[in-house]
Structure formats: C-alpha cells, structure tokens
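A short worksheet on the structure shown next.
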Amino acid sequence: MSKPSSLPDLSHLAAAPTVRVLMVCMGNICRSPTAHGVLESLVADAGLADRITVDSAGTHDYHVGRPPDERAQQHAARRGYDLSAQRARQLKAQDFDDFDLVLVMDDANEQAARALCPPGQRHKLRRLTDFCTRHRASEVPDPYYGGAAGFEAVLDLVEDACDGVLAALAPHCAGA
C-alpha cells in the first residue's frame, strides 16, 4: 500500500514495530469512537492489527466511562463497525508520550489538545481530515445535536480519512 503524495508526512514514525493512533473529539462518544472503530476495522482487514493499535479520547470529561452515543453505534453498525466495547475517557498529557499519532476532529479540539501537548510532541498532533483523499473538509462536524444525516456525514468523512491514515501508516509498520 503506497502513500498518496497528498497525505501528511509521517516520517517521524521511521520504521516502527508498532504504531499507536489516538482519535480525539470533545466528549469521546460520537466522532472519535467512530474513527477509532473504523480505523481499527481497516487495520484488522489489512492484517496489521499486531502493528497498529487504535484508541480514542475526549478533550472534556463529560462522558467518562460511558459507551459511545447510541446513534453513533447504530449508524456505525449499519456499515459493519462495532463500537460497543469502547468507553469514553479524557485526553491526558501522557497520551502524547504513549501515542505516535494524535488525530483531532476539529479546531476546538485541536486547541484543547495542543494546550495539553508537550512542545516536543506537537509533531504527533494532526487533524483527521488531513488524511482525507476524497472529501474536502477541514473538520469532522459534531453530529451530537443533529439527526441521522449528521452521523452518516461523519462516517463518510471518517471512512475517507481512515483510508488515508492507513495508507500513510502502512509503510512505517515493520514488515508491512
């Protein structure tokens, strides 16, 4: 799997034996668990589950310990993604040491994550939409207060971006 030239440079990963990816939104119940589930599924389908691990977190503590929003789970399930085992947690500064790539959903969450991120780790922080190859978007919009169309739009963007993330990561995974 080759990296399209339009994807962000991840040369900071070198030839890592494993790569850890963290998806981040506000409450960790809609967008980031959706992205977590989509990327995890793509990674498994590509046979890279032993080389790429995925998690998610929220910049706020509104829903810590709760499962993803039922609507997010239902829409994801219709496309074959199971989010049911996930539980919300809050982003912490240690995550920037523990993860190789921290992908945020929008400007507000990028600012909140950047405030927690040690200066030496800022190269790990990116927007998920930077990896989109089919959609033009700078943010994954929050579907929480909207209807079904919002959750479907999130899935469309997330699937596109996660395809790009996997394409960008695969060359950095030892043996990939």
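Brief remarks on what is shown
- Percent accessible area from carbon and sulfur atoms, region 1-159, protein chains only, probe 1.4 Å: 49
- Taking every full run of DSSP H in the chain, the ones that stretch at least 24 Å from end to end by Cα along their long axis and average -1.0 or higher on the Kyte-Doolittle scale are 148-169.
- The alpha-carbon positions of the chain define a convex hull whose volume is 105 Å³ per residue.
- Entry note, the chain: the mean residue ellipticity at 222 nm calculated from DSSP H runs of n ≥ 4, each adding -39500 (n - 2.57), is -10500 deg cm²/dmol after division by the residues and rounding to the nearest 500.
- Value of Rg to Rh for region 74-176 (Rh from inverse mean 1/r over Cα pairs, i.e. Kirkwood): 0.97
- With all protein chains in place and ligands, DNA and RNA left out, the 1.4 Å accessible area ranks Glu40, Glu152 as Glu40, Glu152, largest first.
- Extending 7 Å from Cα along the Cβ direction at Asp61 and again at Arg78 yields two label points whose distance is 3.6 nm.
- Dimensions of region 43-83 from C-alpha coordinates, computed as largest minus smallest value along each principal axis and given longest first, are 34, 24, 13 Å.
- Here the spin labels are modelled as points 7 Å beyond Cα on the Cα-Cβ line, and at Asp9 and Thr133 they lie 2.0 nm apart.
- Once both labels are positioned 7 Å from their Cα atoms along Cα-to-Cβ, the gap between Gln90 and Glu70 label points is 2.7 nm.
- Neighbour-limited loop hits for chymotrypsin sites (Phe, Trp or Tyr not before Pro), region 70-176 (at most 14 other Cβ within 10 Å; DSSP other than H, G, I, E, B): Tyr145
- Cleavage-rule hits, trypsin sites (Lys or Arg not before Pro), region 80-112, DSSP coil, Cβ neighbours within 10 Å at most 12: Lys92
- For region 1-149: accessible area per residue (Å², 1.4 Å): 48
The values are calculated or read from the model by the stated rules, or taken from the named source; none is laboratory data. Fair warning: this is a prediction, and the values are worked out from it, not measured in the lab. Cβ coordinates were reconstructed from backbone atoms using ideal geometry, including for glycine residues, and neighbour counts include every protein chain displayed. Ligands, DNA and RNA are excluded from the accessible area calculation, which covers all protein heavy atoms including side chains. Shrake-Rupley method; radii C 1.70, N 1.55, O 1.52, S 1.80 Å.
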